[in-house]
Amino acid sequence: MAGCVVVAGEGYSVADATAAVDSLNVDWNGEAVRSAESYLKYSAFSCSGLQRQLSSSSGEGFTKEQAAYGAKKTKACA
């Protein structure tokens, strides 16, 4: 998520926006688990499909590592 770039918004520089996000102390692995569980409430996914969705730029945009962690904590990868 730290690689996110916003095209429209408040007009902050990438450096300032990155510093702000980095200071949040977000548990991205935990967020990935919550997102994975949310996807599974509405649709069926294979383990690899869920990982792709979580890491997709048109999905959640988690890193591949975060997506793998999140998916593996769900029934899709059991």
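Lys75: touching a helix residue (DSSP H, G or I) at 6+ places or on another chain (Cβ under 9 Å), loosely packed, with under 14 Cβ neighbours inside 10 Å and closer than 22 Å to Asp27 by Cβ, yes or no? Here the answer is yes, as Lys75 does meet what is asked. Residues that are open to solvent by 60 Å² or more (accessible area, probe 1.4 Å), closer than 19 Å to Ala76 by Cβ and over 9 Å from the mean Cα position of the chain (by Cα) within the range 13-42 comprise Arg34, Glu37, Lys41, Tyr42, listed in sequence order. Which of the residues belonging to the range 43-62 are open to solvent by 50 Å² or more (accessible area, probe 1.4 Å) and over 21 Å from Ala78 (Cα atoms)? Hits for the range 43-62 are Ser57, Ser58, Glu60. Evaluating Val6 against the criteria (1) aliphatic (A, V, I, L, M); (2) in contact with a Phe, Trp or Tyr (Cβ under 9 Å, 6 or more places away or on another chain); (3) at pLDDT 90 or above leaves one unmet condition, (3).
The values are calculated or read from the model by the stated rules, or taken from the named source; none is laboratory data. Please read these numbers as outputs of a predicted model, since none were measured by experiment. Don't worry about glycine lacking a Cβ; one is built from the backbone with ideal geometry, like all the others, and counts go over all protein chains shown. Areas reflect the complete protein model, heavy atoms only, side chains present, ligands, DNA and RNA absent. Shrake-Rupley method; radii C 1.70, N 1.55, O 1.52, S 1.80 Å.
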